[in-house]
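A.B. asks: Sharing a structure here in structure tokens format.
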Amino acid sequence: MPYVKPRIPPRFALLFMLLIIGIAPLQAQNNMALGALSHDRDSSFDVRVQLDWREGLFSAQTGFTIASAGLQLPSGRLMAERILEQEWPTLIRPYLLSIRVDSQFTLGELLESGTLALNDLDNVSQSAAKTPPSLSQDMTSIIGRYTVRLSDLGGVLLRSTRSLALGSEEDFLPRRFPEPQIPLIPAQTADYTGIIILAHRQLPIRGRQSQALIVPSLFPRIWDTNMNLIYDRSMLDAPDNTLTVRYTSPESVFRMTPSGLDGELSALVGLHPLRILAREVFGMHPTDPVIDRDDALQILSSPHNRRLLREGRVVLVLDASVLGN
């Protein structure tokens, strides 16, 4: 049977030609936008961030000035959204890297040392909760909003720490975490439902002749007045996205409720928590509370209370001025 070349109906041929004609200017506009953007990046973007330690959230708003890339509305909106979608993880990265991990390191310092992989940090950014991009009120910018949970950042570090401590999953070893210290001479103590450390006032800095407010970090340590380590992140026997402490301000622990706590805090530390006053602050940066040795014994002398540490049922009360910016 002889081959017959298929005949394209005129109306489909016309649609095809219109499509080609429409794509060519759009591609040219995209190339022009990228070229203009490369010459004036700093003034093209605006970044605003907020770190809320009470809620455990890092929030960012990024803006892209549409005209900076030679784009115009309405045709340039889609291209502007694409540019912002491509650039926002890089835009918020410096602010994420400034978050303090403990008294010694920020995320950025761990990245420089090789302890934290850039891909792991970017994966957390990419998993951020996002709202659809929108136009600014003056119709000059595309705005994007993103929220990263601090527990997700902590989870990356916990997984890294645990993989080094436990070896590969192929070893089939059960998880083992360092136990909180068991005292040689236990004290008499009750079993509590959680631990609350009140550290909202300026405290003496251990080893210095000055005072400071404790500042939050992802993984603060807790020491006693004999400088025994009572609690750090290696002791957590909980899901990877569990932080060692929950931060709150004083008004949340002096409520007119049976426990005196906000509802969310009650869910974490229960109705009968042990309340402790911090005596000092310790660390290269003031992140670590120091509690009295007798208070430490109230925790360490009971297997039940030591378990509270391992489950992360600890609330650290700080001054409201350090909990959000």
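A short reminder: the numbers here are calculations on the coordinates, not readings from a lab. Nothing here was measured: the structure is a model prediction, and the numbers come from that model. When we count neighbours, we look across all protein chains shown, and the Cβ atoms used for this are built from the backbone with ideal geometry, even at glycine.
A.B. asks: Return the long-range amide H neighbours of residue 106 (sequence gap of 5 or more, or a different chain), with a cut-off of under 5 Å between placed amide H atoms.
C.D. replies: Counting only residues 5 or more places away or on other chains, the set is 101.
A.B. asks: OK, next. Quick one: putting +1 on the C-beta of Lys and Arg, -1 on the C-beta of Asp and Glu, what dipole do you get for the stretch 195-322 around its Cα centre, in Debye to the nearest 20?
C.D. replies: Result for the stretch 195-322 is approximately 160 debye, rounded to the nearest 20.
A.B. asks: Give the long-range amide H neighbours of residue 212: residues separated by 5 or more places, or on another chain, with amide H under 5 Å away, using H modelled in the peptide plane at 1.01 Å from N.
C.D. replies: 203, 205
A.B. asks: Residue 139 to residue 322: extension gain in nm, 0.36 nm per residue of separation minus the Cα-Cα distance?
C.D. replies: That works out to 62.4 nm of additional length.
A.B. asks: Same structure, new question: Please get the size of the charge dipole for the stretch 81-133, origin at its Cα centre, with Cβ charges of +1 on Lys and Arg and -1 on Asp and Glu, quoted in debye to the nearest 20. Provide the component values of the computation, followed by the final result.
C.D. replies: Numbers: 4 positive and 8 negative charges, 28 e Å.
So the magnitude is around 140 debye.
A.B. asks: Any idea which of 265, 228, 239 is furthest toward the positive side of the dipole for the stretch 195-322, if Lys and Arg beta-carbons carry +1 and Asp and Glu beta-carbons -1?
C.D. replies: Farthest towards the positive pole: 228.
A.B. asks: So, one more: I want to check the label-to-label distance for residue 127 and residue 159. Put each point 7 Å from Cα in the C-beta direction and report it in nm to one decimal.
C.D. replies: Rounded to a tenth, the inter-label distance reads 0.6 nm.
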